[in-house]
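Below is one structure, written out as C-alpha cells; comments come after it.
Please treat every number below as a calculation from the coordinates, not as lab data. Quick caveat: nothing in here was measured; it's all calculated off a predicted structure. Here the Cβ is made from the backbone with ideal geometry for all residues, glycine too, and neighbour counts use every protein chain on show.
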Amino acid sequence: MLRRARFRSGWMFLEILLLVMAAAVARAQGTPEFTGLWKQDNDRCQPRRNGDVKLRIEHHGPELTVETSISHDTSSSRHAVQQYTTDGKVSASTGADGDVFYTSVVWKGSSLVFSIEEHEDGHILPSKETWSLSEGGATLEKVRDRPNSERQTFFFRRIPMTSSDGNSDSLRHGDK
C-alpha cells in the first residue's frame with residue numbers, strides 16, 4: 001500500500017512538472033511583436049511590386065495601429081492609419097487609396113489573420129491576409145488571399161526607427 005502511494009505521488013510530481021515546463025515554454029514563446037518600421041522588399045514580393053511602401057506598426061497587447069505610406073514617385077504619395085484589435089472585433093477604416101475597409105483580426109498560432117471587406121466603387125472585395133514574422137523577427141510576410149484564388153505575398157524588412165541624428169523618423173517625412 002505504501003509502495004503504491006509513493007508510485008502515485010511520483011507520477012503526480014512528474015505530471016505537475018510537465019505542466020509547469022509546458023507553461024514556461026508557452027510563456028517564453030509568447031505572441032510575436034509586430035511593432036516597428038517596415039519597408040516593402042519589392043523584389044521578394046509575388047508578384048513583384050514597385051514604389052516605396054512603408055508601414056509603421058504599433059502593437060501593444062490587443063491594440064494594433066498600422067500607419068501606411070505609399071509613394072510611386074516624388075509627386076504622388078498616399079498615407080493612411082488603420083486601428084485594429086486582435087480580439088476579432090470589426091473595425092472600419094479608410095485606406096491609403098480612399099477605399100473603406102471593414103476588418104477583423106484574430107490570432108491563429110503565431111500569425112495574425114485579417115478578414116477584410118474592401119468597399120471600392122460600389123463593389124465589395126473580400127480577402128484574408130495572414131501576417132507572420134520570420135528571420136528572427138527581421139521580416140514581415142503578408143499573404144493576401146482572395147476568393148478568386150488570387151494570392152499575393154508581400155515581404156517587408158524591419159528598418160531602424162530612428163534617424164542618424166537620433167530623432168524619431170515619421171513616415172510622412174521621407175524615411176529611407
For Val81 and Arg144 in the same chain, what is the full-extension length gain: residue separation times 0.36 nm, less their Cα-Cα distance, in nm?
20.8 nm
In Hz, Karplus ³J(HN,Hα) per residue of the stretch 109-123 (6.51, -1.76, 1.60; θ = phi - 60°; x = Gly, Pro)
x, 9, 10, 9, 10, 9, 9, 10, 10, 9, 9, 9, 6, x, 10
Which aspartates and glutamates have a Cα lying under 17 Å from the Cα of Lys89, excluding residues fewer than 8 positions away in the same chain?
Glu63, Glu117, Glu118, Glu129
Hey, can you grab everything whose amide H is under 5 Å from the amide H of Thr35? Only 5+ residues off in sequence or another chain; H modelled, so Pro and N-termini drop out.
His59
Can you spot the lysines whose alpha carbon is less than 18 Å from Lys142's alpha carbon? Ignore those fewer than 8 places along the same chain.
Lys39, Lys54, Lys108, Lys128
With the crude spin-label approximation of a point 7 Å out along Cα→Cβ, what separation in nm comes out for Tyr102 versus Lys89?
1.7 nm
Considering amide H positions built from the backbone, and no H for Pro or chain starts, which residues 5 or more places from Glu120, or on another chain, come under 5 Å of its amide H?
Leu125
Cα extents of the stretch 36-161 per principal axis, largest first, Å, are 34, 31, 27
Amide H contacts of Cys45 (H built 1.01 Å from N, under 5 Å, at least 5 apart or other chain):
Phe155
For Asp121 and His60, what is the calculated FRET efficiency with R₀ set at 41 Å and r taken between the beta-carbons, to the nearest 0.05?
0.70
Enumerate the calculated ³J(HN,Hα) couplings along the stretch 78-85 in order (Karplus 6.51 cos²θ - 1.76 cosθ + 1.60, θ = phi - 60°), each rounded to whole Hz, writing x wherever the residue is Gly or Pro.
10, 8, 8, 10, 10, 10, 10, 10
